[in-house]
Amino acid sequence: MQFTKLKGGTKGKVNAMSLFKGPMHQHIPGHKDLTETKEVRVLKPQQWVYIPLYAGHSTDFEILVHEGEHVYAGTKIAVCNDRIVVPIYASVSGTVRGVQKLMHATLKTQDHLIIESDGKYEMRQAFAPLDYQRAGKEELVEFMMNAGIVGCGGAGFPAYMKYKNVKDIKKLIINAVECEPYITADYKMVQSNLDLMVTGVLAMKKMAQAQSCVIAIKKTHPELIKQVQEAVANIADVTVVSVPDVYPMGWERTLVRHLMQADYKRLPSEIGAIVNNATTAIAFGNALINGMPIIEKTVTVSGDGIKEPCNVRVPVGMQVKEITEACGGYTDEEVKLIAGGPMMGKTIVNDQFVVDRASDALTVLKIVPYKDVACLRCGQCSDHCPAGLQPVRIAQSLNAKDKAMMERLSVMDCIECGLCTYVCPSRLDVTENVRKAKRQMQLAKK
Amino acid sequence: MKFTFNPAPNLRQKQSTKRIMLELMLGLLAVFAFSVYFYYDEYGTDVALQCVLLMLISLAVALVTETLWALFTRQKLIPFLSGSFGWITAIILTMMCPVTITPYALGIATFFSIFIGKLLFGGFGQNIFNPAAFGRAVIFASFAGATTDVITAVTPTTLMATEYNWLVVDPNMISKLMTQVGGLDNLFVGFYPGAIGETSALMIMIVGVILALRKVIDWRIPVIYLCAVFVFASVIAITAGMSDWLWYPLFHLFSGGVMFGAVFMLTDPVTSPTSAQGKCIFALGAAILTVLIRVKGNYPEGVLYSILIMNMLTPMIEKATDGKQLVVRKKSAVIFAVIAALGAGCVSLAASVIEPAKEKVKEKVFVKLDDPYLSTLQANIDSTVDNGDGTTTYIVTAQGFAAVEGPNMPNYDHPTDPNVYEIIVNRSDNTVKSVRVTKMSDTEYIGDKVESPKFLSQFEGLSLASEFEIEVNDAVTGATYTTKSVVRAVLEVRNALGF
C-alpha cells in the first residue's frame, strides 16, 4: 500500500488555532539523535535476575515454581489470580532462589521472583506457536492472554483486554509514535523486527476484525517511515501514516483524536478504534511465530546524566545498576534516574530496580534547579492539557479543598502526562497538584 | 552516588514567567520610546523629558512600596521583588496617563495600584483587579484636575466625546472631525497627544503581534476584543444611518486606549480567565462595555472601566467554563453567542437613542434701522471732507458700550468713551464706499470685533437711500451693542444726506 498523506495535517493546525481551546499538545525537543543511530547493545545479567510479579494493576500471583527449581528462559513461573490473567515467564535459565519485595519501576515495592542465572541462557519454547491465518478470533485473544502480552507503551496493561467483546472496529492503530523525549526503543524494535511486527499487526487486525490498519510514526523519522512502508507495501488495508512531532502524540486519546477527528468517553473502541503499541505487535508476532513470551526488552538508556547513551537489549528482570554500568556510568555525582521517559517516568532513588516487561527506557538527567514563582494564571496548562482538563483550576480547588469543584473539573481523567508542568512558566509542579487532587478524590471515595 | 527524587515530569520548557515579564517590559518600552519621540518632535525636549520623569517617578514609587512591604512582611527582598513584577504595573500605569499629569498624582496612583491593588490582595497572582487600571481609576476619581500645562491639546478621544458625542452622521462634520484629528491614518500612526503610551495603534499592534507569536500574551484576547469593538461600532454606525461608515469602527479602534488595553491590559493573565474559552468570553464582554461606556456613559473613554468590570466578572466566567474543555466548549459557544447577541442589541439600542452630533448653527442677528436702541445712542459728524474724486469722507463719533465706565462719559446707560468712525460715501449714487474704525473705546476683545474686515465689508456698496440691515459679527452681547454703534454712525451720515 502506498503511503497516505495525512488528512488531519492541516486540520491539526487549524485546531491549534481554535478559539475555544488550546493546542492540547506541545512540541518537546526529543534528543532522539543521542541513541537513534547507534547499534543496540545486547547485555546479559551477571548473576541475579529479579522477575517482577506484576502486570497492570495485578499483584496477586500464584507462583508455579518452587525455590531451588531449575528454570529455562521461557518457563512459566507465575499466573495471575485476578480476572485479568497474564502469566509471567522466566527470562534466563538458572535456579529459583525465592521471592523478595523490591522497589519496582512504578515506584512501589512489589514481589520479585529471584532467579540465579546459570549464564547459559537456555531457551525453551514457552507455548505452541499459532498460525494466525487459520486461527479464529476467540482463539487469538485466548492465545494473546496466555502468552502474557502486555501493552508495551508504558502502562503494561494486558493487551488482550482490548480485543474482548469488540465489534465494528474501523481502524486498528499501531502506535509507533514514541512521543516521549529521548526514547528510541520502539524505533529500534520496529527496524529490527519488521517481519514479526507485520505478523503481529495482521493477527491483531484479524482479532479486531478491523476494516483497515494504520501504523503511526512521527514525521520527523522519514527513514523509519520508509522502512515500514516497504514492509507493508503489498499488504491490503495496512498503511503508514505520519503524525506531527508533538507530545503526547503517542497517547491513545491524542492519537485517535488526530487520526479519526473524534473523541470517545472511555475506550477508543466506542468510536471504532483499537490502539496498540508497535512493540506489543512485535511481541505478539514473536509469540505467534516462535511461541515465546516477552522475556527480553529493548530499552533506551539516554539523557545527559549517562556517559554512553544507547539502546540495550536485556532480559526482563535485569537490574538497572548493571545496565547503567555497561553504559559507562553516570556523568555526575547526583542525577535523576528515571524509569521510563523524562515526562511520565518516575524518578527512582536507587538503581537496584529491574527492567520489567513494560519498561522501554531509563532516562538519566543532570539536576537542573528551577526557581518557582507565583502562578500567574496564564492558562498554559489548560491550553496544553491533552485531556482538556484545567490544571490551574484544579490547583485552586486543591487549595480550597473543594471536592465538588474537583469533581466538576474531572480530576480523575488526568493521565499524568506531565505536559502541564512542562509548559508552566512559573516552574510550578502542576502535575503533582493534580495528583494530590486525585488522591484526595480517591480517599473521599473510600 | 545520589539519586534525587522529583515528581514527574522531569523536563521544563525554556519560557519562564520572568522571561515573559521581561519581554512584556521590552514591548512596553518600545511603545513608550515611540511616544517620547513624538513629544520630542512635536513639543520639544522638555515635554519628552517630562514623559521620562513621570515614568521614573512611577517606577521609584513602585519599588519603594514593594521594598517596604517586603521588609514589613519579613520576606527576602530580592526574591520578593523579582517575583512581584511591580515595575510592569508602574510602566503600564504611566503609559495610561497623559503627559500633563502632575508627578505627585501619578506617584500616589502608583502607590495605590501597587499597595491596595496588588499587595493587599496577596501579591502577584492573587490580585482581582489589573493593578495599573486600578491606579488609573484612582487618578480618574481623585486627580481629575491635577494636570500641568506642559502642553495644551485636545486628544481625539476627548474631542470625539465632548464635541461629537461619539456619534457623527453628518458628512460635513465627519470631515471636520477628520481634519481636527489629522485623519484616520494619523490616528493609526499615533502622531497626536493623548495618554503617553496609548496613541500609536500601529506601534502597539506591531509589538502585540510579536508578543503573541512569542507566547508572552494570549492572542485570543486582543483579536476577539478588537474584532468585537469593530463589529459593535459598525452596528452603531449602521443603526445610526451613516452612509459611509467604515471610518467609525476604525476611529473606535485607533483612538483612546482600545489598542493599548487589548494588547497590554486585558491580556494580564492574573486578572483574566485561565481557559481559552473563558478568555474569549472575557474579551467579548470587555468590548461591549468599552463601546457602551464610550457612546452612552459619562466618561469620554470606556476601556479602563470595561477592563475593571470584566476583572470583577473573571471568577464568574471561570466557574462557568469549569470542566473538561472539550465538553464545556459547547456551553461556552452558547454563552459567547448569547453575550454577542445581547451586546449587539445593547449597542444598537444605544445608537438609536443617542442624538448624533449636530453642527451648531449660529442664529444670525441683524441690526435694523428701526432698532429702538439706535435712537438712544448719541452720534455726531465731526468733519466732512470732499475728497475731490466724487467721494466724501465723514468722521463720525458715536456712542458704544463698555462694561467698564469710561472717564468722559459718566452716563450709566452708555458708560464709555465714544467710538470714532471714518465713513466714505460715493456721492454719485449715495452708496457707502468704506467704513473704518479710527478709535475703538468699547470693551476689549468683545467690542473690537467690529474691526474685523469681514464685518466692515458688509457696509461696502450699501445704498444709503434705502433701508438696510447689518449682521452682527459675533453674537456676544457687547458686540451687538458695538455693532449698533457702527450702524448709528452710518445712520448719522444717512440722516445728514437727507434720507
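Worth a mention:
- Just so you know, in the stretch A:409-426 the residues that are surrounded by fewer than 20 Cβ atoms within 10 Å (Cβ to Cβ) and outside any loop (DSSP other than H, G, I, E, B) include one that is farthest from the other protein chains (Cβ to nearest Cβ), and it is A:412.
- Residues located in the stretch B:23-41, provided they are acidic (Asp, Glu) and within 14 Å of chain A (Cβ to nearest Cβ): B:23
- There is at least one residue in the stretch B:275-285 that is away from chain A (no Cβ under 14 Å) and either of a type in the set (Lys, Arg) or on the phi < 0 side of the Ramachandran plot (or both).
- When the stretch A:385-408 is filtered for residues that are more than 8 Å from chain B (Cβ to nearest Cβ) and in a helix (DSSP H, G or I), the ones remaining, listed by number, are A:391, A:394, A:395, A:396, A:397, A:398, A:399, A:403, A:404, A:406, A:407.
- Within the stretch A:98-118, the set of residues being open to solvent by 50 Å² or more (accessible area, probe 1.4 Å) and in contact with a Gly (Cβ under 8 Å, 6 or more places away or on another chain) comprises A:118 only.
- Screening A:359, A:382 for residues that are of a type in the set (Ser, Thr, Tyr) and within 9 Å of chain B (Cβ to nearest Cβ) leaves exactly one candidate, A:382.
- The stretch B:193-230 - residue that is farther than 28 Å from residue B:343 by Cα and among the basic types (Lys, Arg) and, of those, farthest from the other protein chains (Cβ to nearest Cβ): B:214
- Pick from the stretch A:328-345, criterion surrounded by fewer than 21 Cβ atoms within 10 Å (Cβ to Cβ) and on the phi < 0 side of the Ramachandran plot, ranking: nearest to the other protein chains (Cβ to nearest Cβ): A:334
- Top-ranked residue in the stretch A:363-379 [being assigned to a loop (DSSP other than H, G, I, E, B) and more than 7 Å from chain B (Cβ to nearest Cβ); ranked as nearest to the chain's Cα centre (by Cα)]: A:368
- All positions within the stretch A:44-72 that are within 17 Å of residue A:322 (Cβ to Cβ) and surrounded by 20 or more Cβ atoms within 10 Å (Cβ to Cβ): A:45, A:49, A:50, A:51, A:52
- Taking (1) among the hydrophobic types (A, V, I, L, M, F, W, C); (2) assigned by TED's automatic domain parsing to the domain that holds residue A:113; (3) more than 27 Å from residue A:431 (Cα to Cα); (4) in contact with a Gly (Cβ under 7 Å, 6 or more places away or on another chain) in turn, residue A:282 satisfies each apart from (2).
- Taken across the stretch A:91-103, residues that are over 22 Å from residue A:320 (Cβ atoms), in a strand (DSSP E or B) and without any contact (Cβ under 8 Å) to a residue 60 or more places away in the chain do occur, with at least one present.
- Every residue from the stretch A:148-202 that is hydrophobic (A, V, I, L, M, F, W, C) and either in contact with a Leu (Cβ under 8 Å, 6 or more places away or on another chain) or not assigned by TED's automatic domain parsing to the domain that holds residue A:283 (or both): A:173, A:176, A:177, A:190, A:201
- From the list B:338, B:353, B:365, B:327, the one residue that fits, being out of contact with any Cys (no Cβ under 7 Å at 6 or more places or on another chain), open to solvent by 10 Å² or more (accessible area, probe 1.4 Å) and within 14 Å of chain A (Cβ to nearest Cβ), is B:327.
Results for (1) in contact with a Lys or Arg (Cβ under 7 Å, 6 or more places away or on another chain); (2) touching a residue at least 40 places away in the same chain (Cβ under 8 Å); (3) open to solvent by 70 Å² or more (accessible area, probe 1.4 Å), shown as yes or no for each residue.
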{"position": "A:136", "(1), (2), (3)": "no, no, no"}
{"position": "A:141", "(1), (2), (3)": "yes, yes, no"}
{"position": "A:148", "(1), (2), (3)": "no, yes, no"}
{"position": "A:168", "(1), (2), (3)": "no, yes, yes"}
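- Count of residues meeting criterion [within 17 Å of residue B:49 (Cα to Cα) and either over 33 Å from the mean Cα position of the chain (by Cα) or surrounded by fewer than 18 Cβ atoms within 10 Å (Cβ to Cβ) (or both)] in the stretch B:60-99: 1
- Every condition in (1) surrounded by fewer than 22 Cβ atoms within 10 Å (Cβ to Cβ); (2) within 25 Å of residue A:132 (Cα to Cα) is met by residue A:160 except one, and the failing one is (1).
- Unmet criterion (only one of (1) more than 14 Å from chain A (Cβ to nearest Cβ); (2) in contact with a Lys or Arg (Cβ under 9 Å, 6 or more places away or on another chain); (3) open to solvent by less than 50 Å² (accessible area, probe 1.4 Å)) for residue B:343: (2)
- Per-region count, the stretch B:5-22, residues facing chain A (nearest Cβ under 7 Å) and exposed (fewer than 14 other Cβ atoms within 10 Å of the Cβ): 1
The values are calculated or read from the model by the stated rules, or taken from the named source; none is laboratory data. Please read all numbers here as calculations on a predicted model, not as lab measurements. Cβ: placed from backbone, ideal geometry, glycine included. Neighbour counts: every protein chain shown. Only protein heavy atoms, including side chains, enter the accessible area calculation; ligands, DNA and RNA are left aside. Shrake-Rupley method; radii C 1.70, N 1.55, O 1.52, S 1.80 Å.
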